[in-house]
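Novice: Below you will find the structure I want to go over with you.
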């Protein structure tokens, strides 16, 4: 299939799952490794070994590796490929809400993410071959309503799939949107600016979770 050219400054829902619906995250270390990739691989210039980069950074600062979920500093710069608005990682799949910043940014970024996590996962668990089910899926977002709904759908995905309460699932941007964590990975301003306050977004999130879970049950 011919890929449609993605537009700069446009928004996209990007997702994929493990081949044969297998797990792509087995434990907290796997989730953190993927989130590290989401941050560190978001730049025009190649960074080489992700492991070596983080190892050298720890040695230079002589500080323990901080949690990717709450570490200081923005995940975006003038050299970034994309902006992450929302994310959710579940045992066998992930969802990302992205804005493309650089030409072909999403394509470059997702290729790096896929290769990086596959190489890490295969080395750790002594396996070979594909980890994800083909190429990632990328759906353009064309309206404000769609953008707001997808932010809630992604933030609430753990609850929609019956994995955990959205507010208790650490591997999504939900806690950042609800001001229960000060993570720098998601850029939530464009979404939150369309609500009066966090409480209004929380109500919107709960409604989206309830309606999405109901539709999921009807399709099963």
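Novice: Could you tell me which of the residues 170, 186 is assigned to a loop (DSSP other than H, G, I, E, B), surrounded by 12 or more Cβ atoms within 10 Å (Cβ to Cβ), touching a strand residue (DSSP E or B) at 6+ places or on another chain (Cβ under 6 Å) and modelled with pLDDT of 95 or more?
Specialist: 186 is the lone residue from the list that is assigned to a loop (DSSP other than H, G, I, E, B), surrounded by 12 or more Cβ atoms within 10 Å (Cβ to Cβ), touching a strand residue (DSSP E or B) at 6+ places or on another chain (Cβ under 6 Å) and modelled with pLDDT of 95 or more.
Novice: Looking only at residues in region 195-205 that are more than 20 Å from the chain's Cα centre (by Cα) and touching a residue at least 12 places away in the same chain (Cβ under 8 Å), which one is farthest from residue 179 (Cα to Cα)?
Specialist: For region 195-205, the residue satisfying everything is 204.
Novice: Just the residues that are surrounded by fewer than 20 Cβ atoms within 10 Å (Cβ to Cβ) and on the phi < 0 side of the Ramachandran plot, please, taken from region 14-29.
Specialist: Passing the criteria: 15, 18, 19, 22, 23, 26, 27, 28, 29.
Novice: Output the residues belonging to region 1-41 that are assigned to a loop (DSSP other than H, G, I, E, B), at pLDDT below 95 and in contact with a helix residue (DSSP H, G or I) (Cβ under 6 Å, 6 or more places away or on another chain).
Specialist: 6, 41
Novice: Follow-up. Across region 136-162, what is the number of residues that are in a loop (DSSP other than H, G, I, E, B), out of contact with any helix residue (DSSP H, G or I) (no Cβ under 7 Å at 6 or more places or on another chain) and touching a residue at least 60 places away in the same chain (Cβ under 8 Å)?
Specialist: Matching residues across region 136-162 total 1.
Novice: Name the single residue that is modelled with the highest pLDDT among those in region 66-81 being surrounded by 18 or more Cβ atoms within 10 Å (Cβ to Cβ) and under 19 Å from residue 171 (Cβ atoms).
Specialist: The residue in question is 69.
Novice: Sticking with this one: Go through (1) over 22 Å from residue 21 (Cα atoms); (2) part of a helix (DSSP H, G or I) for residue 213 and report which single condition fails.
Specialist: (1)
The values are calculated or read from the model by the stated rules, or taken from the named source; none is laboratory data. Predicted model only: the values in this text are computed from it and were never measured. Note that each Cβ is placed from the backbone with ideal geometry, even for glycine, and that neighbours are counted across all protein chains shown.
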